[in-house]
Amino acid sequence: MHGQTITADAYCETLRKLCHLIQNKRRGLLSKGVVSLHDNAQPHTANVTKNLLQGFGWDVFDHPPYSPDLAPTDFHLFLHLKSFLGGQHFNNDDELKETVSNWLKKQAANFYEEAKLVPRYDKCLQNFGSYVEK
């Protein structure tokens, strides 16, 4: 996918792979339900994407526009990942992907819970979508 434009079809293929991985690696999780956080990017809002997610039985947690505080990758994941990757050099994309993948796998469940997405989302809704830093 390096250098490829992400279309709705390409995004749906990624979602199919994600669903398959969840089924294989996190048995029982799909029966509890999956919530996907989406912004208003075209691949996320396309009918083909909406139909696929509906077919999976996944809920979509809409991302209010201009609310970067609700993007867990921005305020939590990238902060720690940037620190981990600092000073390292990689010979190719595959080496980088493998390193990041291994780092993600080593993070304990509480690392992901620390993102506190639901309280942040609630605060944003209480402020009618206004930007909330803390």
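Some points to look at:
- Put simply, when 83-93, 97-107 are sorted by average Cβ atoms within 10 angstrom per residue, most first, you get 97-107, 83-93.
- Cross-link pairs beyond the 19 Å C-alpha cut-off, checked among Lys82/Lys106; Lys50/Lys97; Lys25/Lys82; Lys82/Lys123; Lys17/Lys50; Lys25/Lys50: Lys50/Lys97; Lys25/Lys82; Lys82/Lys123; Lys25/Lys50
- Net charge of Cβ neighbours under 11 Å - reference Phe90; Lys, Arg +1; Asp, Glu -1: -3
Each value in this text was obtained by applying a stated rule to the coordinates, not by laboratory testing. The structure displayed is predicted, hence computed values, not measured ones. Note that each Cβ is placed from the backbone with ideal geometry, even for glycine, and that neighbours are counted across all protein chains shown.
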